[in-house]
Amino acid sequence: MQTIRAAVCHEFNTPLVIEEVHLAAPARGQVEVEIDAVAICHSDISFQQGGFGGHLPAVYGHEAAGRVTALGEGVSGIAVGDSVCVTLVRSCGGCPSCQSGHLTTCETRHDDTAGPLTTASGDKMLQAMACGAFAEKVVVDQSQVVTIPDDIGKDVASLISCGVITGVGAAVNAAGLRVGQDVVVIGAGGVGLNAIQGARIAGARRIVAIDMLDEKLEIAREFGATDTVSAQSAKPWADVKKILGRGADVVLVTVGVAAVYDQAPRYLANSGRVVMVGMPHGDQKSSFSPLILADAGQGYVGSKMGNVVIKRDIPWMIDLYRQGRLKLDELISGRWSLEQINEAIADTLGGAAKRNVIVFKR
Ligand SMILES: [Zn+2]
Ligand SMILES: [Zn+2]
């Protein structure tokens, strides 16, 4: 057991409090990582707002990179001192989902309030998303960690752990994009920009970015969008069909808004599919016409964390970054200290297109 500083949520919709908490030593199969950088993802903010429910007090943060400082028994393939990405993708390896390669939908359930974190007074805490990385250190399952080269900056590496795998993976894994297909990406935020570059890497013909803000659409072009349409247009799906000559083969919804899911099929060509990336709050409902979708051979496809297989996909993403084919540095809009986390969250809520990263200086 050791004492670390963490940003703690005591009550939904109130600022996080920086305080000392206790972190247990890694148990069997677990890895302790000193966090160098953790980015702020919209899921963290949705949790903080109470949109996903969950026990309090809690430590959020799940888009992280750092260095391994201790190992539990039975850990293989990871050594103390390794640079790593820390993800929320905890997989048991043995359930039917894991056995079929769908690690992000592992069926083994865990009690995240029985994790390594406790308050300074010894009460149980939620290690949100199996990470709790708004903290100086984490203890996570070895399945969540991927070793990366030492010379990759931890700030850019942290982005890979959620936003990049979620966006790129949605295009490459979940959508199963083929060369020459047409893609619409709704939402040009941190995940949307990665969906755009994933579609570019996968060889899409046209990539149309849609967002409310013109400034985000400009950035979308830098990441590979060939065309842009303002979401403020009366019928953005009609604008898209003018550009493509028909509907899109794939529509990637990267915003967590149910109303956007309602409209997404309007952008589709026959046999097209809507890929569900953004996560609306739990109280939101969506609706669609089963007749129209069934008749046109269309459908919705789930994409959990880009259906990523982290030990397979993160290494190739890092190689593409080295080659200049995957933009990571350009995704960072600001660097903040842990003490500034509430300001960084406010900045993200202000509509910043890219990612704010908490950086630990030692
Ligand atoms: Zn995330
Ligand atoms: Zn499993």
What's the magnitude of the charge dipole for the chain around its Cα centre, counting Lys and Arg as +1 and Asp and Glu as -1 at the beta-carbon? Answer in Debye, nearest 20. 1180 debye
Reduced to Cα centres, the span from segment 58-81 to segment 1-41 in Å works out to 13 Å
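Counting only protein chains, not ligands or nucleic acids, how are 241, 124 ordered by accessible area (probe 1.4 Å), most first?
124, 241
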By how many nm would the segment from residue 95 to residue 78 lengthen if fully extended, with 0.36 nm per residue of separation less the alpha-carbon distance? 3.8 nm
Could you work out the pair-distance distribution P(r) of the chain from its alpha-carbon pairs, with 10 angstrom bin width and percents rounded to whole numbers? 6, 26, 34, 23, 10, 2, 0
Pop out the Kirkwood hydrodynamic radius of segment 29-87 from its pairwise C-alpha distances, inverse of mean 1/r, in Å to one decimal. 12.9 Å
Residue-wise HN-Hα coupling along segment 235-242, computed from phi with Karplus coefficients 6.51, -1.76, 1.60 (Hz; x: Gly, Pro): 9, x, 5, 5, 4, 5, 5, 5
Report the semi-axes of the equivalent ellipsoid for segment 272-343 in whole Å, largest first, where each axis is √(5λ) for an eigenvalue λ of the Cα gyration tensor. 34, 22, 11
Segment 1-148: C-alpha pair distances exceeding 28 Å, %: 14 percent
Could you check the spin-label model distance between residue 150 and residue 17? Points 7 Å from the Cα along Cα→Cβ, value in nm. 4.0 nm
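With r as the distance between the Cβ atoms of residue 215 and residue 323 and R0 = 35 Å, compute the FRET efficiency 1/(1 + (r/R0)^6) and round to 0.05. The partial results should precede the final answer.
Details: r = 28 Å, r/R0 = 0.80.
The computed FRET efficiency comes out at 0.80.
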Can you give me the accessible area per residue for the chain, using a 1.4 Å probe, in Å²? 40 Å²
Exposure ranking of 185, 191 by accessible area [1.4 Å probe, largest first]: 191, 185
State the antiparallel share, in %, of DSSP beta bridges confined to the chain, rounding to the nearest 5. 60 percent
In segment 23-98, GluC sites (Glu not before Pro) in a DSSP loop with at most 14 other beta-carbon atoms within 10 Å: 73
Cut-off under 15 Å on the C-alpha distance; same-chain residues fewer than 8 positions from residue 235 excluded. Which aspartates and glutamates are left, in chain and number order? 211, 262
Asserting the computed 222 nm helical MRE of the chain (DSSP H runs at least 4 long, -39500 (n - 2.57) per run, divided by residue count, to nearest 500) equals -6500 deg cm²/dmol
Just the accessible area for residue 179, please: 1.4 Å probe, Å², rounded to the nearest 10? 130 Å²
On a straight-distance basis, which lysines could pair with residue 354 in a cross-link, Cα separation under 17 angstrom, same-chain partners fewer than 8 positions away excluded? 154, 216, 327
Under the Karplus relation 6.51 cos²θ - 1.76 cosθ + 1.60, θ = phi - 60°, what is the ordered set of whole-Hz ³J(HN,Hα) values for segment 42-54, x standing for Gly and Pro? 4, 5, 4, 5, 4, 4, 4, 7, x, x, 10, x, x
Theoretical FRET efficiency, 1/(1+(r/R0)^6), r = Cβ-Cβ of residue 238 and residue 283, R0 30 Å, to 0.05: 0.45
DSSP beta bridges in segment 271-362 [antiparallel fraction, %, rounded to 5]: 0 percent
Pick from 288, 12, 223: which is most flexible by mean-square fluctuation in a GNM of the chain where alpha carbon atoms under 10 Å apart are linked? 288
Where is the GNM fluctuation largest for the chain (alpha-carbon springs, 10 angstrom cutoff): 160, 341, 40? 341
Where labels lie 7 Å past Cα in the beta-carbon direction, separation of residue 266 and residue 113 in nm: 4.3 nm
Choice from 200, 221, 312 showing the highest fluctuation, given a GNM over the chain with Cα pairs closer than 10 Å: 312
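I'd like the carbon and sulfur percentage of the solvent accessible area for segment 260-305, probe radius 1.4 Å, heavy atoms only, ligands and nucleic acids excluded.
Looking at segment 260-305 in its full context, I get 55 percent from C and S.
The values are calculated or read from the model by the stated rules, or taken from the named source; none is laboratory data. Quantities reported herein were computed from a predicted structural model and do not represent experimental measurements. Positions of Cβ are backbone-derived with ideal geometry, glycine not excepted, and every protein chain shown enters the neighbour counts. Ligands, DNA and RNA are stripped out before the accessible areas are found, and what is left, the full protein with its side chains, is counted by its heavy atoms. Shrake-Rupley method; radii C 1.70, N 1.55, O 1.52, S 1.80 Å.
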